[in-house]
Amino acid sequence: MTSNTQTSASAVESRRRIAYLEALSQIQSEIASQRSLDQILDKVIQSAIDILGEAACAVLLLDPDGQTLTCRASKGVLCSEYDKAAPNGKQSLAERVLQTKKMVAINDYRNESALRLPTLENGRLPGAATSAPILVGQDRIVGVLEAYSDEPRTLNEEELQCLNTLAGSVGISLVNGNVRAELQKQRTWLDAVLRAVPSAILISQKPGDRLALANERAEELFGRKLELGVPLTEMPAKYGIFELDGSPIPIDRFPLYRASAYGEPSDLIEMMIISADGGRRIVQGSAQPMYDESGNISGTVGELEDITRLIAVQVALEKALAKEHYLAETLQKALIPDIPECMDVLMIGRAYATAFAEDRMGGDFFDVFPPNAEQVSIVIGDVSGKGLRAAVLTALVRYTLRAYSYEDASPKRLIEKLNDVVASEVEPEEFATLFYGLWDVKQQSLSFVNAGHEPPLYLACSESEARELSASGSLVGALPGALYREHSVRLSSGDRLLLYTDGATEAKGDKGSFGLEAVKDFFVAKRHESPSEFSAQLMDRLKEYSSGHLRDDIAILLISAS
């Protein structure tokens, strides 16, 4: 008889364990399938009641204020029970869990007169209750999962572990929901930037090297709807991409594929697109690889520009075409442009390095370009944040600044326009520091605005000390309607201007930060080096000082009048 009883109890226990594992598997599947939080909470509550044989169960979550608990889902007990005012001196079971961040089990409520009890739907007070904390991360509590019994009861270790596991599932669901919301927000940002960019933009994604995004300008250029998910290897044949002579373009010349396959920026090449109606367009395009946090290629970003009209007037307007080609090429460069070493009578040196083990899409950037035949624009900046979000903000700043500079390159008016655009597009905590200088070829003078950026260092040919151009204004995007002051400095033959981001002065070594004075000393000591050699040597010195472990991105730009 005893043997039969033990066998029966063992079978019941086995069935309950199987039910527990099945319920947990279903909950994990629903989390993975991106079910709504309410659906997952209902499943968790039903599982707790079925597996533990409880009379009621409820999930209470903390409000954003971090102080108030709100009943989000329940069964066997009404959520309105938790809205009732507590008798003087009495505490709820959930409040006790919030204080300890540990599970609390009350085996017999009759011995807990200091606790406030909810009334179950059957009209009775619970005989026992257990409350498990819902944690996010190691110790941040966001709510509780409570289970109630009609009669006094003691849950065994396995039952307590079951309740803890179900509470953990709720925590995972909350984290996943926040991640999905953030990803959707980033996608909305990216879509806004893609709509603002005048070029055709194509983005591919690994694994599989498939088309992931295309802006409206790209579909206008191809003359058809672009199918997301199509492999890059199929795009030339599917969308009529050819060499200029009409022959099929080799796949390793297709910019998006080349950047992904070789892990380097593709050359700017000219191609022909034949649309579905037989129309032909000449385009020039390039692509840049994107990297994940591990340094692996995660996709590519490509730019295409319609140059059909330029090609048609190439013979008659060769000089104008060369200028337009240059402007299109510089606009199509990715976050780190390919700046020539000489522009008019300016010698240019530049260097860029990303932080150790960080996403390559950092927030530092620089640019040098001629807005017209008589002037040269000099830009360096740093946007808040890292990764894709920083890259999106960088693109917004760069494209807007360039677009306005061709209309009016005046530093004061340009930065005020840029500030208002950025302020209207970004979150309150997002901004950019920026130095914008405009060098006049004939006057040999540099007018500039500094919007919260590191002070440039000016070294005159006739002087032995570098001095700071310390004038500064409001951060770009931080204050709508902000006004900026324009300053100027003489930049004659042999004079030098060193621009840098805060990663240079804040590079960490055994003796602390590298510091501004060390940058000044290096600037003076290496004054006879060419701009390109100086920029490379300063970057090497900063890497040596930090033992190769840069904690922040570094951008360096040296301008020398010759």
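Only counting other Cβ atoms within 10 Å, I'd like 498, 310 sorted with the fewest neighbours first. Write out the running numbers ahead of the final one.
Values: 498 24, 310 17.
Ascending Cβ contact count within 10 Å gives the list 310, 498.
Secondary-structure-derived ellipticity at 222 nm for the chain, considering helices only, amounts to -11500 deg cm²/dmol, per-run term -39500 (n - 2.57) for DSSP H runs with n ≥ 4. Compared with the dominant Cα axis of the chain, that is its longest principal axis, helix 531-545 is turned about 30°. Label-to-label distance for residue 471 and residue 150 is 8.4 nm, based on points extended 7 Å past Cα in the beta-carbon direction.
How big is the Kirkwood radius of region 59-191, worked out from every pair of different alpha carbons and given in Å to one decimal?
After inverting the pairwise mean of 1/r, the radius is 16.0 Å.
When the GluC sites (Glu not before Pro) in region 188-230 are filtered for DSSP coil states and for at most 16 other beta-carbon atoms within 10 Å of their beta-carbon, the remaining sites are 227. Database note for the chain: Cys without another Cys beta carbon under 4.7 angstrom, 57, 162, 342, 461.
Which of the three applies to region 56-111, rounded, prolate or oblate, going by the alpha-carbon gyration tensor with a ≥ b ≥ c and a/c under 1.5 meaning rounded? Verdict is rounded for region 56-111.
First measure r as the distance between the Cβ atoms of residue 493 and residue 294, then evaluate 1/(1 + (r/R0)^6) with R0 = 60 Å and state the FRET efficiency to the nearest 0.05. So, using R0 = 60 Å, E works out to roughly 0.80. Can you tell which of 70, 451, 118 lies farthest toward the positive end of the dipole of the chain, using +1 and -1 charges on the Cβ of basic and acidic side chains (Lys, Arg; Asp, Glu)? The residue sitting most towards the positive pole is 118. Separation of region 242-285 and region 75-119, taken as the distance between their Cα centroids, equals 68 angstrom.
Hull volume per residue, based on the alpha-carbon atoms of the chain and their convex hull, is 234 Å³.
FRET efficiency for the residue 442 to residue 510 pair, using the beta carbon distance and R₀ = 56 Å, is estimated at 0.70. Return one number: the angle in degrees, 0 to 90 and rounded to the nearest 10, between the long axis of the Cα atoms of helix 157-196 and the longest principal axis of the Cα atoms of the chain. Approximately 30 degrees, to the nearest 10. In this structure, residue 172 and residue 212 have a Cβ-Cβ separation that, at R0 = 22 Å, corresponds to a calculated FRET efficiency of about 0.25. Fully extending the segment from residue 100 to residue 547 would add 156.5 nm, taking 0.36 nm per residue of separation and subtracting the current Cα-Cα distance. The label point for residue 262 and the one for residue 196, both projected 7 Å from the Cα toward the Cβ, are 3.2 nm apart.
The length gained by stretching the chain between residue 79 and residue 527 to full extension, at 0.36 nm per residue less their Cα-Cα distance, is 153.9 nm. Hey, got a sec? Which GluC sites (Glu not before Pro) in region 457-562 land in a DSSP loop and have at most 14 other Cβ atoms within 10 Å? Within region 457-562, the qualifying GluC sites (Glu not before Pro) (loop, at most 14 other Cβ atoms within 10 Å) are 463, 465. Look at 79, 71, 342 and count the other Cβ atoms within 10 Å of each Cβ; fewest to most, that gives 342, 79, 71.
How big is the Cα convex hull of region 335-562 in projection, averaged over all directions, in nm²?
11.4 nm²
Taking Cα centre as origin and charging only the Cβ of basic (Lys, Arg, +1) and acidic (Asp, Glu, -1) residues, the dipole magnitude of region 418-562 rounds to 540 debye. For the pair residue 540 and residue 251, label points projected 7 Å from Cα toward Cβ lie 4.1 nm apart. Going from the fewest other Cβ atoms within 10 Å to the most, the residues 549, 487, 528 appear in the order 528, 549, 487.
Show me the chymotrypsin sites (Phe, Trp or Tyr not before Pro) within region 235-296 that DSSP assigns to loop and that have at most 13 other Cβ atoms within 10 Å of their Cβ.
In loop regions of region 235-296 (DSSP not H, G, I, E or B), there are no sparsely surrounded chymotrypsin sites (Phe, Trp or Tyr not before Pro).
Per-residue Karplus couplings for region 262-273, computed as 6.51 cos²θ - 1.76 cosθ + 1.60 with θ equal to phi - 60°, are listed in order as 9, x, 8, x, 7, 5, 6, 10, 9, 9, 10, 10 Hz, Gly and Pro entered as x.
Values quoted throughout were computed directly from the atomic coordinates according to the rules given, and no laboratory measurement underlies them. Bear in mind that the values here come from a model prediction, so they are computed numbers and not experimental data. In this analysis, Cβ positions are derived from the backbone assuming ideal geometry, glycine residues included, and neighbour counts consider all displayed protein chains.
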